[in-house]
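Colleague: Sharing a structure here in structure tokens format.
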Amino acid sequence: MKPAKLQDHLRRCHPDKTEKDLKYFQTLKDKSQKRPTLDRMFASTSQRTDDGLRASLLIAKFGKPHTIGDS
């Protein structure tokens, strides 16, 4: 966004934050970037799902009964 439009947006939409310094906005940005997102929250779950699918595929390839994966 152009600096003039950004200042106008700040003045119109966030008048309570016009007096804040640059450090305030930098910490606000850092906090929002460190906040967990859905992608980060489910990243480890998808790895476990992939492992389970690989195990199921191996069981199916070898023609073993489906209950072999339970033990």
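Colleague: Can you check what the net charge comes to around Leu10, using other residues whose Cβ is under 12 Å from the Cβ of Leu10 (Lys, Arg +1; Asp, Glu -1)?
Modeller: +2
Colleague: At 7 Å along the Cα-to-beta-carbon direction for both Leu53 and Thr27, put a label point, then send me their distance in nm to one decimal.
Modeller: 4.3 nm
Where a number appears in this text, it was derived from the coordinates with a stated rule and is not lab data. What you see is a predicted model, and the numbers here were worked out from it, not measured in a lab. Cβ sites come from the backbone with ideal geometry, for glycine too, and all protein chains shown count toward neighbours.
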